[in-house]
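**Student:** Structure in structure tokens, see below.
Read-outs throughout are calculated quantities, based only on the coordinates presented, and are distinct from any laboratory measurement. Please read all numbers here as calculations on a predicted model, not as lab measurements.
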Amino acid sequence: MTAKGHDFLDAIRNDTVWNKAKSGAAAVGGMTLGMLKDLAVAYLKQETAAKLGISLG
């Protein structure tokens, strides 16, 4: 598995992130796996920042 594959699996391990990513993909009518990974990683960063009390701006 590639590093990008590991990044994707790490991101969607969180149920909240996975559900947000699925909803985002459905809202636009679908997306590539690469786009879904990028979306999931972005949501994971948001979740992590919120837990740490950091604003990503």
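**Student:** Rounded, prolate or oblate: which one fits the chain, using the alpha carbon gyration tensor with axes a ≥ b ≥ c (rounded when a/c is under 1.5, else prolate when a/b beats b/c, else oblate)?
**Tutor:** oblate
**Student:** Which value at 222 nm does the chain reach when only helices count, each DSSP H run of 4 or more adding -39,500 (n - 2.57), with the total divided by all residues and rounded to the nearest 500 deg cm²/dmol?
**Tutor:** The helix contribution divided over the chain gives -24500 deg cm²/dmol.
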